[in-house]
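Accompanying notes for the structure given below.
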Amino acid sequence: MTFGKFLVRRLLQGVFVIWGVITVMFALRAVSPGDPVNLILDQAAGEELRQQVREDLGLDQPMYIQYLDYLQGIVVGDFGFSYQSSRPVLPMVLERVPATLELAFAATIVALIISIPLGVVSATRRNEPADYGATIGSLVGISTPNFWLGLMLILILSVQLGLFPTGRRPVAFHDSIWIALTTFHLGPLITWFHHIILPAVALGTYFTALITRLTRSGMIDELGKPYVTATEAKGLPGVLIRYKHVLRNTMIPIITVLGLQLGTLIGGAVITEIVFSWPGLGDRFIAAVNNRDWPLLQGVVVFIAISFVLINICVDALYAKLNPKVAAQ
Amino acid sequence: MRSDDNETNRRKVLQLTGAGVTTGIVGLAGCLGDPDDDPTEDDDENGDADDGDDDDALDQDDFDEIVITQGEFPDVVDPVDHITGPYFNVYDHVYEPLFDFVPGEGIEPRIVTDWEHTGDGSVELEIQEGVMFHNGDELMASDIAYTMERQINPDVGPASDQVAGLGSIEGAEATGDYELTIEYSGAPDLAEFEFGNYARAMNEAWTEEQETSEGAIVGDDEEIFNGTGPFEVVDFEPDVQIVLEPFDDYWGDVPDFEQVIFNGDGESSGRVSALRTGESQLIDNVLPDEVPDVRDEDELDIREVTTFRNIFLVMKNEHEPFDSEEFRQAMNYAVDNEEIINTVLSGYGAPMSQPTPPEVNGYNPDLDPYPHDLEQAEELVEDSGHAGVEITLTVPEGRYLNDAEVGQLAADMIDDLPNVDCEADIVEFPEVSDANSAGVDDGEVPFYLIGWGVITGDADYGMAGFFMEGGGVQNFRDEELDEALAASQVEEDPDEREALLMDINEMAREKAPWVFLHQQEGIYGINDAIDWDPREDESIFVWDMN
Amino acid sequence: MIPERLKASLKREFHQSLLAKVGLGLLILILFLALFAPILATHDPTTSRYWDDQGNSYPPLGITYDTEIAQEGERVEYTVEPTTEHLLGTNNVGEDIYSKFLYGARTSLLVGFFGTGLAVLMGVPFGLIAGYYGGRVDDSMMRVADIMLAFPSLVLAVALIGVLGAATIPIPDPIVMAGFAEDMPEYMILPGSVTIVVALVTWVWFARVARGEAMAIRSEEYVKAARSMGASNRRILVTHVLPNSLTPVIVLATIQVAAIILLESSLSYLGFSGTTLSWGYEIQQGQAYLSTQWWIATIPGIGIVLAVIGINLLGDWLRDSLDPNIEGEHGG
């Protein structure tokens, strides 16, 4: 099978999956208890008003018509209107994306900065105190729920020591960068940085621990391979071997696993945003669930699923390009 | 130790000391001088940068700007769409009320300068000339009539929640450029409480041009606001913040502040942290536990007021065992509302004796809260014939001050009765709200905790909806009560009407439609250089501050 | 069921690995606390209102904290002292924190084990059938799995609970029934919705593993032989394919118990569990009191970390000994 054919097949599968997600979400709404009209209107509104709203929203239509309307809407980018705020859902979702991306990227960067050196040290000094420390640290990191870790960071670093704010995002990254570039005023950028550190550490710890483990075991495998012994025999400096060849080969499985853990990153971001009042997609999602704001809830979940599927297709395509055997399977 | 006398005493003293503190503040603020004196404030052009910049915000002494952080941020932009307090607190600065409402007193002229009841179910209003909208149009009486139509008529504008506060208003019509007539069906007194609180002004021509969804104005930038209020919107980020600046052509006194920012943080600890770091100067709903911490900070202060918001447990009387008056009274005897106030609320709250809070028209000062008396309660349960019953109390979480804790304690106290098993089920607020709107015949959730702010300042707003046939949130059916309320609504003499409402409160206490818990305390954290007293109706008006 | 070779490998790894011993020790400890919670608890965990005379909740032994109380109409500073009655103090509604901790362990383990069991029951047959029959059956079944995988598990779990509501199942407590602990709750609460939901979001991983095994075994000689001798597909699946896929399923199940405990704690932290006897719920309750009574949120978190570390260590031990090739998604 050619790469093109593979890509087309993968895209078709992606479309199917997204259709499935939309259908599942619609079905969930259809079976969920509670009358949406109560969410739109005040407790004291009369029956006449309720009927009116029901008609306006098409809630009096048969289910299959509501379903087709919904599908048709999504195709043209119309996710309906939020029950709670009457705003169109799509901008409500999109305006929250930057905050979540900031958090996810910051967490990933925190994880990479700490974990790779830690893994390398751990692998090259096997069974020394540094290795034990890193191993136990990563075990604890993998086993700690990030919301609790976040609270402990708040407790120690914010409440007790007053070093960091308890969260919130008073300024967006892109705004603060823009201000820094146009007015050379670094205040907002520093504020942003100050506010994102704790959430990023809380979300990034699991990945730090995971990548440390992977780097360590990957390095140990690689270091035992013949080419390493051979290059060592040739007298290349050990440090160079370690970082250039071995680490590069170790990174491939790490990237694969990180791709697979994307769901964990998004799920983790949801709860981290709640702990730190970070105004991202997760915060919007939980608010939508709590308010039973179905159009918004569906919008967020479908959006996450679409991005998820697209990223996975990209990863697969990259893989197939690098390794033609995958496409042939 | 926990006798009624002591409790009342304590409250009184608290109120007095509260008043004492405030007087002190006035003096202090006077010393600090007029905030306008300080032109050295390095003024960032960009609103985004301003409130984010710790260095600027830490300058505690100049209050050209004020940031107000509430637990909720308005999620809609149409000023006549919703009915909750935090929403009015923001939009009243942009779309000002037509009257000034003084809790416990009544209404005073604002945009409306004069009003007169004609005696045939209508009132004639006169408004000021030369009141300007932010877009440059002049306010006309027809704009007000149009706005009222949007509030009460589902065919015009959004399906507005505010119709609940305008129950007796039939319609409005402009009779001249600056004169209009409002028609109502009940007593003039009742109508006055209603339009006095809920009348606003939107620009008819402008509103008709806006993009709407279900009749409500929608949008996500500063262009979507146009009122006559002292502040206009200069920046709006949905669900994040709204930035206001004084409106140059405002008819009244120009406010002291260069900029007012409202934002929201659902976590109490987050709000407190914002206050401490100087990112915010006023926050609402400080948890009682965090009060000492805030008070201990040099430049911060706590201001509190007992609000018009009742917290109570609804017992729908179309369902067993709540159909029995003895059983409902037993619940009131079983729950020790003073202990709830003294423990999980750390003393912040006042026990309820009747559906109407003190200071509200129709409150009956002769009624005492139900005492805590387990023996009496047990006996009443026996008499009711429901001994051995198992009930579940449904409790919302995060809506009212420590609501989940309050509900759990109440359930445990009822569970202390040897002949009743009671368990608390803690849920998200919409579930409770659904149950409340479902009516008295719906028995899925017959017993739940809810709160209701009697913000119009009239007892009718706290009872008619709950106790009358066809009231929007009817959860108690009783002919006697229904008739008495109906009679009060058409009683034209204000004194006579107040007497009727007082009798109704006594009747309602006896019939025990609810387990009466407490009036919620409004606890605000504030930078102590700001001269401001919290209001019983939970409104926050920047024009009240200095 | 487990071949001798694997048994030997398990033993060898266990003896060599200190961490495996620590893991087993932790798990046994938590299991012990959970099983005998009614006997070990000092107070009914659902009884509230253990206050001091001023209506304050107690701090843990060795700790005091300052608060304000109303006295003769004024607010005065007051220092709250601990009591030996409540070793770890009482929480915001005056419940005994130590007793709640024990019962929280029960909820976590119940959901962890039942949820994983349910996921195995759903995922393994699904995967075996898809892998064994292959072709169109496999294709269509795997598309269903793809849809499940397109949701991050926490997101799907929250959305599902939003629909199902947080229903719970009371199970009579055998220890209390047998009369060993009379003052304790008669029922333990299994958060039913949460258990079903965690299974619904994790079964796919079991399906994938089982499918892989089934595909590999399908082409083995002895399976081909059994088929040519006229054995029905169902019989082959049950007698040959299923037993062979057990090893990786067991390893995955161990890791998933830990992931599900984390997922359960996240859900109950977000307020979706339906029981108040849960570590995550307790942490959420304590969050508002971080600045004054930090122990309310801290203590249950330690429970989660210890339980998950124990199970993860056991999982590592099993994986190192049995060496299956599997993957899964993390829950917290």
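The values are calculated or read from the model by the stated rules, or taken from the named source; none is laboratory data. Treat the numbers as computed from the prediction; the structure is a model and nothing was measured. We place every Cβ from the backbone using ideal geometry, glycine too, and count neighbours over all the protein chains shown.
Remarks
- Taking (1) free of Cβ contacts under 8 Å to residues at least 12 places away in the same chain; (2) part of a strand (DSSP E or B) in turn, B:PRO292 satisfies each apart from (2).
- In region C:31-78, the qualifying residues are those that are small (Gly, Ala, Ser) and farther than 24 Å from B:SER346 by Cα, and the one that is surrounded by the most Cβ atoms within 10 Å (Cβ to Cβ) is C:ALA37.
- Only one of C:ILE261, C:ILE311, C:ILE302 that is within 10 Å of another protein chain (Cβ to nearest Cβ), closer than 25 Å to A:ASN146 by Cβ and surrounded by fewer than 22 Cβ atoms within 10 Å (Cβ to Cβ): C:ILE302
- Restricting region B:216-236 to residues that are in contact (Cβ under 8 Å) with a residue 12 or more places away in the chain and among the charged types (D, E, K, R), the residue that is surrounded by the fewest Cβ atoms within 10 Å (Cβ to Cβ): B:ASP221
- Top-ranked residue of region C:16-30 - restricted to ones that are of a type in the set (Gly, Ala, Ser) and at pLDDT 85 or above, ranked as surrounded by the most Cβ atoms within 10 Å (Cβ to Cβ): C:GLY23
- Only one of A:PHE147, A:PHE207 that is within 20 Å of A:ASN249 (Cα to Cα), within 13 Å of another protein chain (Cβ to nearest Cβ) and in contact with a helix residue (DSSP H, G or I) (Cβ under 8 Å, 6 or more places away or on another chain): A:PHE207
- Among the candidates B:GLU318, B:GLU326, the residue that is touching a Gly at 6+ places or on another chain (Cβ under 8 Å) and of a type outside the set (Val, Ile, Thr) is uniquely B:GLU318.
- So C:ASP183, is it farther than 30 Å from A:GLY299 by Cβ and either within 13 Å of another protein chain (Cβ to nearest Cβ) or surrounded by fewer than 21 Cβ atoms within 10 Å (Cβ to Cβ) (or both): yes
- Within region B:115-149, tally of residues that are more than 22 Å from B:ASP493 (Cβ to Cβ), acidic (Asp, Glu) and without any contact (Cβ under 8 Å) to a residue 40 or more places away in the chain: 2
- Residue count for region A:24-34, restricted to those that are without any contact (Cβ under 8 Å) to a residue 12 or more places away in the chain and in a helix (DSSP H, G or I): 4
- Of the criteria (1) farther than 24 Å from B:LYS511 by Cβ; (2) charged (D, E, K, R); (3) surrounded by fewer than 22 Cβ atoms within 10 Å (Cβ to Cβ), which one B:GLU378 fails: (1)
- A single member of C:GLU68, C:GLU77, C:GLU13, C:GLU72 is modelled with pLDDT under 90 and within 30 Å of A:ASP131 (Cα to Cα), and it is C:GLU13.
- If the condition is being without any contact (Cβ under 8 Å) to a residue 40 or more places away in the chain and of a type in the set (D, E, K, R), then region B:180-215 contributes B:GLU208, B:GLU209, B:GLU211.
- C:PHE14 being under 15 Å from C:GLY104 (Cα atoms) and in a helix (DSSP H, G or I): no
- For B:VAL454: the one exception among (1) over 22 Å from B:GLY106 (Cα atoms); (2) within 14 Å of chain A (Cβ to nearest Cβ): (1)
- Qualifying residues in region C:166-188 (those that are of a type in the set (A, V, I, L, M) and in contact with a strand residue (DSSP E or B) (Cβ under 6 Å, 6 or more places away or on another chain)) - the one farthest from B:PHE429 (Cα to Cα): C:ILE171
- Subset of region B:153-199 that is β-branched (Val, Ile, Thr) and surrounded by fewer than 21 Cβ atoms within 10 Å (Cβ to Cβ) - its residue that is farthest from the chain's Cα centre (by Cα): B:THR175
- In region B:429-451, residue modelled with the highest pLDDT [restricted to those that are within 11 Å of chain A (Cβ to nearest Cβ) and touching a Lys or Arg at 6+ places or on another chain (Cβ under 7 Å)]: B:PHE429
- Any hit, region A:73-92, residues being part of a helix (DSSP H, G or I) and closer than 25 Å to A:PRO170 by Cβ: yes
- Count - residues of region A:275-297 that are in contact with a Phe, Trp or Tyr (Cβ under 7 Å, 6 or more places away or on another chain) and either surrounded by fewer than 24 Cβ atoms within 10 Å (Cβ to Cβ) or on the phi > 0 side of the Ramachandran plot (or both): 1
- Test result for B:ASP301, part of a strand (DSSP E or B) and in contact with an Asp or Glu (Cβ under 8 Å, 6 or more places away or on another chain): yes
- Among the residues of region B:94-121, those that are under 22 Å from B:GLN151 (Cα atoms) and in a loop (DSSP other than H, G, I, E, B) comprise B:VAL94, B:TYR95, B:GLU96, B:LEU98, B:ARG110, B:ILE111, B:GLY121.
- Of all the listed residues (A:VAL15, A:VAL37), the sole one being assigned to a helix (DSSP H, G or I), β-branched (Val, Ile, Thr) and within 12 Å of chain B (Cβ to nearest Cβ) is A:VAL37.
For (1) within 14 Å of chain B (Cβ to nearest Cβ); (2) crowded, with 16+ Cβ neighbours inside 10 Å; (3) more than 23 Å from A:PHE276 (Cα to Cα); (4) not polar (S, T, N, Q), each residue gets a yes or a no:
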{"residue": "A:SER176", "(1), (2), (3), (4)": "yes, yes, no, no"}
{"residue": "A:HIS194", "(1), (2), (3), (4)": "yes, yes, no, yes"}
{"residue": "A:ALA200", "(1), (2), (3), (4)": "no, yes, no, yes"}
{"residue": "A:THR212", "(1), (2), (3), (4)": "no, yes, yes, no"}
{"residue": "A:THR215", "(1), (2), (3), (4)": "no, yes, yes, no"}
{"residue": "A:ASP221", "(1), (2), (3), (4)": "no, no, yes, yes"}
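Yes/no matrix, rows are residues, columns are (1) farther than 27 Å from B:VAL335 by Cα; (2) within 14 Å of chain B (Cβ to nearest Cβ):
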| position | (1), (2) |
| --- | --- |
| C:ALA8 | yes, no |
| C:GLU13 | yes, no |
| C:LEU40 | yes, no |
| C:ILE63 | yes, no |
| C:GLU85 | no, no |
| C:VAL93 | no, yes |
| C:LEU110 | yes, no |
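- Restricting the first member to region A:46-57 and to residues that are more than 7 Å from chain B (Cβ to nearest Cβ), and the second to residues that are β-branched (Val, Ile, Thr), the beta-carbon pairs closer than 7 Å and six or more apart or on different chains are A:ARG50/A:VAL37; A:ARG54/A:VAL37.
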